[in-house]
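Take a look at the structure below.
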Amino acid sequence: MHRAIGGMAALFPPWTNTAFRLGIIAIAGGLATAIVVPMVYARSPFATHVGQPILQPIAFDHRHHVKDDGIACLYCHEDAERGPYAGVPDTNRCMGCHAQIWNDSATLAPLRASARTGEPIHWQRVHSLPDFVYFDHSIHVTRGIACATCHGNVEEMAAVYQVAPLTMQWCVDCHRDPDAHVGPRNPPLRSLTHCSTCHR
């Protein structure tokens, strides 16, 4: 018989106190897990895709074009100097060389088809930021920040992959102390950590 309180039998058996405490702990643990797991996942290579080469419609080898032929990043990605997006070169830019070099290569058949039909090549994006983040390549490029600072040594990549996590913490670390990340500049880069710098 359950212990009586004030002459009445207890409404719940004693083990329910332990079950209640365990239930509270389980709910708190579940809530903590629901918050922490997505945060950890968002910073993991599975979500940031760091180190995962992206296969493109044409096997474009940056090692050959940049390292062997000495083509500068801004020759193909010229929009990086004057706008937010670096962009990819128009098919005609590629055909400037490939109308004479490797002009019968099976690998470049999609390039020739694009030039013939005007249908653009659907390159796969390698670096992507969420829509709520404002990023302008030109602000960084015109201040002398090298492409490799964020994109790594692309001239060593057969297929381009992301080397930086592009997380908020990664960007903020550089914005807080630019000289430590991109080297000293004259005049020095100023720290920009106001939220509206990236979130507009």
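Every number in this text was worked out from the coordinates using simple rules, so none of it is lab data. What you see is a predicted model, and the numbers here were worked out from it, not measured in a lab. All Cβ positions, glycine included, derive from the backbone under ideal geometry; neighbour counts span all protein chains shown.
Net charge around D68, counting only other residues with Cβ within less than 12 Å of its Cβ (Lys, Arg = +1; Asp, Glu = -1)?
On the way: positive: R63, K67; negative: D61, D69, E155, E156.
Here the count lands on -2.
When the helices in the chain are scored as -39500 (n - 2.57) per DSSP H run of 4 or longer and the sum is shared across all residues, what 222 nm value do you end up with, to the nearest 500 deg cm²/dmol? Before the final figure, lay out each step's value.
On the way: 9 runs with 77 residues, N = 200.
Using -39500 (n - 2.57) per qualifying helix, the result is -10500 deg cm²/dmol.
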Exercise for the section: Return the long-range amide H neighbours of Q162 (sequence gap of 5 or more, or a different chain), with a cut-off of under 5 Å between placed amide H atoms. Expected result: G51, Q52
Exercise for the section: Please name which of Y85, Q169, F135 has its Cα lying farthest along the dipole of the chain towards the positive end, using unit charges on Cβ (Lys, Arg +1; Asp, Glu -1) and the Cα centre as origin. Expected result: Q169
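Dipole size in debye (nearest 20) for region 49-200 around its Cα centre, Lys and Arg Cβ +1, Asp and Glu Cβ -1? The partial results should precede the final answer.
Details: 12 positive and 16 negative charges, 52 e Å.
Roughly 260 debye for region 49-200.
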Handout entry: Which of N153, C195, G51, positive extreme of dipole for the chain (C-beta unit charges)
Key = C195
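How much net charge surrounds A80 when only the other residues with a Cβ under 13 Å from the Cβ of A80 are counted, with Lys and Arg +1 and Asp and Glu -1? Numbers along the way, then the final one.
Values: positive: R82, R143; negative: E78, D79, E81, D136.
Here the count lands on -2.
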Fill in the blank from the handout: For region 30-137, the dipole about the Cα centre with charges only on Cβ (Lys and Arg +1, Asp and Glu -1), to the nearest 20 debye, works out at 260 debye
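Over the chain, what is the relative contact order in percent, taking alpha-carbon pairs closer than 8 angstrom and at least six residues apart?
Relative contact order, the chain: 25 percent.
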Problem - GNM flexibility winner over the chain from A42, A80, A164 (Cα, springs under 10 Å) - result: A42
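Please compute the net charge surrounding P188, taking Lys and Arg as +1 and Asp and Glu as -1 over other residues with Cβ under 13 Å from its Cβ. Could you put the intermediate results ahead of the total?
Values: positive: R143, R185, R190; negative: D177, D179.
Taking every Cβ under 13 Å from that of P188, the sum is +1.
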Practice task
Return the single residue from C76, C94, C147 with maximal mean-square fluctuation; model: Gaussian network over the chain, springs between Cα atoms under 10 Å.
Solution key: C94
Practice task
At 27 Å minimum axial length over the Cα atoms and a Kyte-Doolittle cut of 0.5, report the qualifying DSSP H helices in the chain, or say none.
Solution key: 15-42
